[in-house]
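Structure first, commentary second.
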Amino acid sequence: MKWWLTKAGDPTGKVAGNTSMEDVVQQSVLFSSVERLLGWGRKNSMWPFHFGLSCCFVEMATAMTPKYDLARFGAEVIRGTPREADVMIIAGTVFIKMAPVIQRLHEQMMEPRWVISMGSCANSGGMYDIYSVVQGVDKFLPVDVYVPGCPPRPDAFMQGLLLLQDSVGKEQRPLSWVIGDHGVIRPEMPSQRERLHDHRQQMTQFKTPDEI
Amino acid sequence: MPITVTEEISARFGEDAVITLLTRDETPTIRTPREKVVAILQYLKSDINMPFRMLYDLTAIDERAYKKEQNGHKPYDFTLVYTLFSFERNEFLRLKTGLHGEFPTHDTITHIWPAANWYEREVYDMFGIRFNGHPHLQRILMPRTWEGYPLRKEHPARATEMGPFKLFDDKVDREQHAMQFRPEEWGLKRHSEDADFMFLNIGPQHPGTHGVLRIILQLDGENIIDAVPDIGFHHRGAEKMAERQSWHTYIPYTDRIDYLGGVNNNLAYLLAVEKLGGIDVPLRAQVIRIMLCELFRIASHLVWYGTFAQDLGQLSPVFYMFTDRERVFEIIEAICGGRMHPNWFRIGGVAQDLPKGWDTLVKNFIDYFPRKLREYDKMVMKNYLFKVRTKGIGIYTLEEAIEWGVTGPGLRACGLEWDMRKKRPYGGYENFAFEIPVAHNGDCYDRAVVRVEEMRQSLRIVQQCLEYMPAGDFKSHHPLATPPVKQHTMHDIETLIHHFLNVSWGPVIPPGEAMVCTEATKGWNSYYLISDGNTASYRTHIRTPSFPHMQMIPLISKGYTVADLLSILGGMDYVLADIDR
Ligand code: SF4
């Protein structure tokens, strides 16, 4: 699908080309499949659930503030109720006392719904291998993206969100119960570690901690 | 020579009522027989000259697992520890009383200090010690369905020792059922003479509670009749963790107690460790520590400032304040490499020297920030709606504050000029000039006034650090400093062995107990450490300011409306990890 932006105030007629019929049609008519259009819409308006568990949540909230500005990716509309949210970010430690509550909140989100696990605690229990902590939220919830870090920097969280958007944009979901197969077809998402391995290996110069 | 508390107690209760114990922190510590402890506490609170009016802390120790015998014998199974504070004397006092038996019981002191309520519940929850006469002895941190008492030595520490975690539907139902609120259990009525009360559940997931906190309100229309806070959703077992991490590797866990306060937590912990080890910190390291602590105080107060305004409906301040917080983090990142959890202090100093160019960063911030604070005054503090929603809301008096263990800005907003950095200076604060801001009405607005002024004072301290940063070592040469200074290792076998052991096993801290009370961002914070001469602590207890503050919620929200509750919560400035640990 191709799309572009025009500046506000630009007369709509002021288009590239020689304003022939062909040019105008090309720039104002959009061909796409319904499936892709929906994917595009879902991808660019992900509404996160206002849900935080622990320290990681502060970094997630920081991602909404001007320096990072999550609004650039259409995901700054935080919803206070799970019923209006698309993505649940498990930002923080998953406590055993909290697990049944998290489970219920996840159930209350409407399909399609996604889960980002943010931070080592949510990924695996992290540094808290202790009696009151569940060793990773994937013990009871399906996770779409894992963001490593303790806490992940806001940038890392945003990268996780972008990866999820990428996958959501390509996801195929049944349009109605009478059309097509009923399953969700998820795109293949390669492991970031493998994808970036060569690039990372090329880094040989590291700044010493003696300078700022 | 004035007579000491110990002498006063033994004059009144007999010689056998007092055994003076030696500790490394010079806090007067006595052991008393369990029959007498309640009477002694009553006496200390109300009858003694210059009384100990604040119950600073109450905790227990499971004594059954000492590797070595203490003082040549092993007399008790459990010990209860009461820590009191007297403002008149400017002195802490620690009382211990030993208990025998597998699941001992003891008398409550909730009739002396209502604030003992939650502390006793915590001891029950963690150790299984029951308190006779307690108004509501229930688990407080762990789920009600929990079996066992986590801080007992026989309880497993690791989640991976307890089998895989499964969350079946019936388990969810069971847990949800256990979480159901039953007013009768808390002695709350469902009706008054002319009205039916409504019970409103807020949390554990709610945007206004700043984390996983649950409060149940008993409402008559919009008015709060009573409130029941339910905590423990954020319990990460930090105290149990200390029993298996080495003294050195526990430092990152402290970062995560008050997770907005960063290195302030490191400091509270390390001061106690250094007391135990008898380590002196070089001057440069002290000043570096103080500079970082004050920067973190500013960062923490900025989060509070923004979110507080947001709680009251002002949506933009939080964006400004988080942007300024990023400026603080720029400095912190440049120095420590980390942001929220820098894990940067070490036993005997700091992790490394300041990087080249740190002074420019700090200077820029000092030039930049006062202007922003003035702007925020106009934006928030002078805002009419902000004032209306905070003035006269959530009032408590100075007496109530002391009674309930309120510390920090909440205490200073009641007119008491008391800051631990000034009154009992630690870690080098005695060398700095700054004022203690106070306010007098004890309401939410005054708490805000105090915090805002504190940011200015912190900035003053940072400026002095910048101007007078001494030259010298950033870490002590003491053999227990960890990791030890590397350049010595190649000179003689003694230092090489120390280096090898300290790096592989971690330092062995000599036996004893110590606690240093610090003025953290939210109030008084201290780590009560007991060493039995090992590479890990025998018992670590973390006294956090937010725990007693949260306990006060029912008292200070009665009679206000639901909307006021959010002002009260926001004005209190707590962090869930600081409550539940
Ligand atoms: S991953 Fe680290 S920062 Fe995040 S919640 Fe866990 S301890 Fe806190």
Rough spin-label spacing in nm, given labels placed 7 Å along Cα→Cβ, for A:Ile185 and B:Glu330: 4.9 nm
Choice from A:Arg72, A:Arg193, A:Arg83 with maximal GNM fluctuation in chain A (Cα, 10 Å cutoff): A:Arg193
Cβ-Cβ FRET estimate between B:Thr397 and A:Asp210, R0 fixed at 51 Å, reported to 0.05: 0.45
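Give me the extension gain from B:Glu375 to B:Glu185: residue separation times 0.36 nm, minus the current Cα-Cα distance, reported in nm with one decimal.
Taking 0.36 nm per residue and subtracting the Cα distance, the gain is 63.5 nm.
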Selection from B:Cys336, B:His498, B:Thr323 lying farthest towards where the dipole of segment B:238-580 points positive, charges on Cβ: B:Thr323
Chain A: relative contact order as a whole-number percent, Cα under 8 Å and 6+ apart: 18 percent
Shielding of A:51-57 by partner chains, average beta-carbon count, 10 Å: 6
Computed E for A:Lys139/A:Asp198 - FRET, C-beta separation, R0 41 angstrom, nearest 0.05: 0.75
Under the Debye formula (equal points on every Cα, no solvent term), log10 I(q)/I(0) of segment B:455-536 at q = 0.12, 0.15, 0.23 Å⁻¹: -0.61, -0.83, -1.04
Point-charge dipole on Cβ atoms (K/R +1, D/E -1) for segment B:238-580, about Cα centre, debye to 20: 580 debye
Cα-centred dipole magnitude for the protein assembly as shown, charges only on beta-carbon of K, R (+1) and D, E (-1), debye, nearest 20: 980 debye
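Average the reciprocal distances over every distinct pair of alpha-carbons in segment A:71-212, invert the result, and give the Kirkwood radius in Å.
For segment A:71-212, inverting the mean 1/r across all distinct Cα pairs yields 17.3 Å.
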Sites B:Arg12 and B:Arg64 - FRET efficiency at Förster radius 22 Å, r taken between beta-carbons, to 0.05: 0.10
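Would you mind giving the mean number of other chain beta-carbons within 10 Å of the Cβ of each residue in A:88-100, as a whole number? Can you show the working numbers first?
Details: counts 0, 0, 0, 0, 6, 6, 1, 10, 11, 18, 9, 6, 11.
Per-residue shielding by partner chains comes out at 6.
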Whole-angstrom gap from segment B:501-570 to segment B:162-184, using each part's C-alpha centre: 29 Å
For segment B:197-266 and segment B:482-500, distance of Cα centres in Å: 42 Å
Residues of segment B:325-361 with amide N under 11 Å of the 7 Å Cα→Cβ point at A:Lys67: B:325-334, B:339-340
Computed label-point distance, nm, for sites B:Met50 and B:Ile497 using a 7 Å Cα→Cβ extension: 4.7 nm
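Before rounding to the nearest 500, sum -39500 (n - 2.57) across all DSSP H runs of length at least 4 in the protein assembly as shown and divide by the residue total; then give [θ] at 222 nm in deg cm²/dmol. Don't skip to the end; give the middle numbers.
Working: 27 runs with 285 residues, N = 793.
Roughly -10500 deg cm²/dmol at 222 nm, from the helical runs in the protein assembly as shown.
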All Cα pairs of the protein assembly as shown, percent lying beyond 54 Å: 13 percent
Mean Kyte hydropathy of -1.0 or more with a Cα span along the axis of at least 24 Å, helices from DSSP in chain B: B:283-311, B:317-336, B:358-376, B:444-468
Electrostatic dipole magnitude of segment B:5-151 [Cβ: Lys, Arg +1; Asp, Glu -1; Cα centre; debye, to 20]: 220 debye
Relative contact order %, chain B, counting alpha carbon pairs below 8 Å whose residues are six or more apart: 17 percent
Selected from A:Gly80, A:Gly92, A:Gly52 as most flexible by GNM, with chain A as the system and alpha-carbon contacts under 10 Å: A:Gly80
Percentage relative contact order, segment B:39-131, counting C-alpha pairs under 8 Å, at least six apart: 26 percent
Among A:Leu70, A:Leu163, A:Leu196, residue whose mean-square fluctuation peaks in a GNM of chain A (springs only between Cα atoms under 10 Å): A:Leu196
Exposed GluC sites (Glu not before Pro) absent: longest stretch of chain B, with sites in DSSP loops and at most 13 other Cβ within 10 Å deemed exposed: B:223-416
For B:339-347, mean number of other protein chain Cβ atoms within 10 Å: 2
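Readers should treat all values here as calculations from the given coordinates under stated rules, not as data from a laboratory. Owing to the predicted nature of the structure, the values given are computational and were not obtained by experimental measurement. Using ideal geometry, Cβ is built from the backbone for each residue, glycine included, and neighbour counts are taken over all protein chains shown.
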